[in-house]
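All remarks here apply to the structure that follows.
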Amino acid sequence: MKSPRHAGCSSPLTLPTSNQRRFTVNGFKVMFVLTVAVGLIGSSGSATAGIVVHGSTTAWQETGSGDWLTMGTNDIDGSGGLGTDGFIFYHPGGENISGGLTYISTSYVESLPSYISSHVEGADFNVINTFSNMDPAGVDDPVALDGTDVQTGIAASNNTGGGGALREVMKFTVSNLPAATTVRVGVYSGNQGPADGRWQPTSITLSDGTNSATVGNHSTSALAPSPGGTSGTTVLTGGWVYFDIDADGTYALSGTVRSQGVSFAGLTFDSVVPEPSTFVLSVFGLFGLLAASRRRR
C-alpha cells in the first residue's frame, strides 16, 4: 500500500510513532512549564494578596528597644537591622508643639522604598506631636543614621468612640511590588507619655480594605508586656509588632483605644524576594518527572 501524500508534495508523509507522539506531548508540557516560570521570574506586580502577623498575635513582639538600626531578630532580609528598604518616624527629636502638627512633610522623617508611593493621614488622625515624658530612652536617629538616640514623637488619633473603638491613624500605598516579594512592616508604638498607657493601642490592625490582620483583641486590656517598663509616671520606651504583606494596595494602620486615643511613633520596611534559581530548580525538577513518566511508558 502506498504511503499517503500531502497534496502537491512528491515525498511520502511519514506518520509519527506512538513514542514520538508521547515525546511531542511531553515536550509541549516542558515548554509550557518553562514559559510559565520565565513569566514568573520576569513579571512585576504581586498576584497574591495577603496580610499576616509575624510573631505573636496577642502581645508586643519586641519591647524595650528603639535601636531599630541593629534589631535583627525579626529582620526579614538578613541585614541585621530594620528599615533597610525604608522608614517613617514622626517628629523625632522635636519639642512639644502647642496644638500639635498636621500630617505634612515637616512633621515626620521618611526614607521611602521604591514600592511605597505615598502615605497620608488616616480617617481618624488628629495630630502629630512630642511630649516631654515620652520615650526618654529614644530611638535611633532616622536623620543621622549613626545609632545615636533621639526622642521620637507620635501620630495620634482622635478619641471618638472611647475605649475599645478602632481608630485609623495613617495609610500607605504599595505600588509595583515585584512578584513574589514579601514586605515586613515594623510598627513602633506604646511609647506615649503617661505610665498608665492611656495612649497605648490595645490592639494594632493592618488592613487593605479586603484583608486584615490584628495583634491584640480589640478590648481595653493592654498588650503585654508593658513596653520597656516604666519609671514613675514615664514610659521608658516602646514596643514593636510586625506584619507581612505581598501585594499592591492601600494599607490602613489602626489601633484600638485603651482610654484616651491611639498613637504610633514609626514604621520600618524590609523585604525579601525568592532567588530566580528557585524557579529554575523547580523547572528542572518538573522536567525530570516528565522524563521519568515517559520512560515508564
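Throughout, read-outs are computed from the coordinates displayed, never taken from laboratory work. Predicted, not measured: the structure shown is a model, and the values here were computed from it. As a convention, Cβ positions derive from the backbone with ideal geometry for all residues, glycine included, and neighbour counts pool all protein chains shown.
Could you tell me the calculated FRET efficiency between A59 and S105, based on Cβ-Cβ distance and R0 = 25 angstrom, to the nearest 0.05? Don't skip to the end; give the middle numbers.
Values: r = 34 Å, r/R0 = 1.35.
The calculated FRET efficiency here is 0.15.
Classify the stretch 50-120 from the C-alpha gyration tensor, please: rounded if a/c falls under 1.5, else prolate or oblate depending on whether a/b exceeds b/c.
Working: a/c = 1.80, a/b = 1.52, b/c = 1.18.
Since a/c reaches 1.5 and a/b is larger than b/c, the shape of the stretch 50-120 is classed as prolate.
If packing is taken as the average number of other Cβ atoms within 10 Å across a peptide's residues, how do 121-130, 73-82 rank, most packed first? Mind dumping the intermediate values first?
Working: 121-130: 20.7, 73-82: 16.6.
Ranking the peptides 121-130, 73-82 by packing returns 121-130, 73-82.
Evaluate the distance, in nm, between pseudo-label points positioned 7 Å from the Cα of I97 and of T148 along their respective Cα→Cβ axes.
With each label point 7 Å from Cα toward Cβ, the separation is 2.2 nm.
Under 1.5 on a/c is rounded, so check that first for the stretch 51-272, then, if it is not, pick prolate when a/b is larger than b/c and oblate when it is not; a ≥ b ≥ c are the square roots of the alpha carbon gyration tensor eigenvalues. All intermediate terms of the calculation are to be shown ahead of the outcome.
Details: a/c = 1.35, a/b = 1.19, b/c = 1.13.
Rounded is the answer for the stretch 51-272, as its axis ratio a/c remains below 1.5.
Where does each of 94-107, 258-271, 170-183 land if you order them by average Cβ count within 10 Å, highest first? List each step's numbers first, then the result.
Working: 94-107: 12.6, 258-271: 25.0, 170-183: 18.4.
So the order, starting with the most tightly packed, is 258-271, 170-183, 94-107.
For the pair S219/L112, report the inter-label distance in nm, with labels modelled 7 Å from Cα in the Cβ direction.
3.9 nm
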